[in-house]
1. Using a basic spin-label model with each label point 7 Å from the Cα along Cα→Cβ, how many nm lie between LYS373 and ARG14?
2. Restricting things to Cα coordinates, could you compute the convex hull volume per residue of the range 83-227 in Å³?
3. Roughly how big is the range 83-227's charge dipole about its Cα centre, with Cβ charges of +1 (Lys, Arg) and -1 (Asp, Glu), in debye to the nearest 20?
4. Quote the convex hull volume per residue of the range 321-406, based on C-alpha atoms, as a whole number of Å³.
5. Going 7 Å from the Cα of GLU53 toward and past its Cβ, which residues in the range 198-228 have a backbone nitrogen under 11 Å from where you end up?
6. Under a point spin-label approximation (7 Å from Cα along Cα-to-Cβ), what is the LYS289-LYS208 distance to one decimal in nm?
7. Counting alpha carbon pairs within less than 8 Å and at least 6 residues apart, what relative contact order, in whole percent, applies to the chain?
8. Of the candidates PRO371, PRO390, PRO89, which one comes out as most mobile in a Gaussian network treatment of the chain with C-alpha springs shorter than 10 Å?
Amino acid sequence: MKYIILVGDGMADRPLKEFGNKTCLQKARTPNMDRIAGEGEAGKVRTIPKGFEPGSDVANLSILGYNPSKYYSGRAPIEAVFRGLELGPEDIAFRCNLVTLNFSGSSNRKSALMQDYSAGHITTPEARQLIKDVNKKLGSREIVFYPGVSYRHLMIWKNGKEKIRCTPPHDITGKKIGAYLPRGKGAEMLDVLMEQSTEILLSNRVNKERIGKGKNPANSIWFWGQGRQLPLPKFRDKYNLKGALISAVDLTKGLGLCAGFDIINVKGATGYIDTNYAGKAKAALNALKKYDIVYVHVEAPDEAGHNGDAKIKIRAIEDFDSKVVGTILDGIKKFKDFRVLLLPDHATPVRAKTHTSEPVPFAIFGSSVSPNKNKVMSFSESICRMKNVPSFEKGHTLMDYFIRRV
């Protein structure tokens with residue numbers, strides 16, 4: 001039996017008046033996802049346990065079959081695993097975004113607005129130069145900055161303070177940052193580093209060139225998603241399956257490594273609307289010749305949701321359907337026994353511009369999978385309102401159902 005999991009990050013949404021109270025997922029043309037739901041088994045799953053902040057870290061941990069209540073420690077340490085960064089038992093890893101703050105009309109820094117959590121989706125080469133400059137001038141024996149992909153970077157605080165509250169920058173787009181700066185013991189140092197970063201970043205040639213081209217400058221760093229090291233039992237030990245994971249973002253790659261998956265990198269996978277959708281799907285089909293299970297994660301719908309752009313989100317969903325799901329359905333027929341699991345990891349409504357924690361739809365298609373008795377016509381959030389469909393209040397139990405049918 002071959003297994004493949006297709007995750008459209010943040011694909012679920014909420015009804016929009018301009019779409020006749022349809023969601024982006026309902027508005028989009030998705031014949032391949034509709035086929036999986038119609039010819040397979042559809043249901044709903046709560047990937048974000050109650051009491052947890054909604055995020056891709058918690059949600060994908062659930063989808064992989066791990067109980068966040070037992071294993072979750074924070075987002076940044078998961079990304080650190082992928083980067084090959086070893087955390088000591090007392091070290092804290094922080095996600096470090098490059099962001100754009102709007103200081104116009106601000107009498108002080110706390111009045112600045114969070115204009116763009118991604119600094120205009122700054123390119124990786126540009127971002128690396130900026131983070132290296134920040135590390136050169138703000139780094140120390142205790143504080144080290146590590147460059148990542150686009151706006152996504154890491155800071156490791158040796159023997160750091162754990163009880164600090166930080167806010168994801170994508171949660172506060174358009175808001176004054178004062179109420180969302182780090183809070184708790186040790187927060188003062190983080191706030192100072194963020195403030196000092198602005199002068200360093202704006203004096204860098206990269207930002208001067210971006211401003212000259214009318215692009216958003218990366219004029220501040222922003223800390224969030226902190227935590228200590230994450231030890232996970234291996235997926236293969238639990239299910240006796242050899243797995244591979246395909247993603248453009250360090251978070252899901254790090255989760256895969258923690259779970260013992262091999263990581264397959266695809267050229268042109270960007271984590272945004274211009275990602276190499278078809279390349280991911282083709283790589284997944286090729287990987288199934290060697291691996292028992294392949295996890296395919298596509299970030300683009302989530303990014304569009306954070307940007308509050310419904311049209312781009314619909315485009316991302318349709319590209320995911322045609323270039324990823326469609327390619328998989330065409331190619332997986334060469335395997336005699338197979339199952340496909342399709343789902344968003346969480347919702348990222350374009351009006352909220354952030355993650356939300358409501359249950360999301362899922363669909364399972366393939367060998368020995370019978371269609372729902374109450375016919376499902378399309379893959380959308382409406383499945384979550386249907387009666388007599390499989391429902392998983394504990395999201396981490398869905399994996400057992402998918403693989404073992406238990």
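Bear in mind these aren't lab numbers, they're just calculated from the coordinates by the rules spelled out. As the structure is a prediction and not an experimental result, all values here were calculated from the model. Using ideal geometry, Cβ is built from the backbone for each residue, glycine included, and neighbour counts are taken over all protein chains shown.
1. Taking the two extended label points, one gets 3.4 nm.
2. Working: hull volume 14.7 nm³, N = 145.
Cα convex hull per residue, to the nearest whole number: 101 Å³.
3. Numbers: 23 positive and 14 negative charges, 44 e Å.
Its charge dipole is roughly 220 debye.
4. 125 Å³
5. Flagged as within label range: 223-227.
6. 5.2 nm
7. Values: 942 pairs, mean separation 130.8, N = 406.
Normalised by residue count, the contact order of the chain is 32 percent.
8. Judging by the Gaussian network model, the answer is PRO89.
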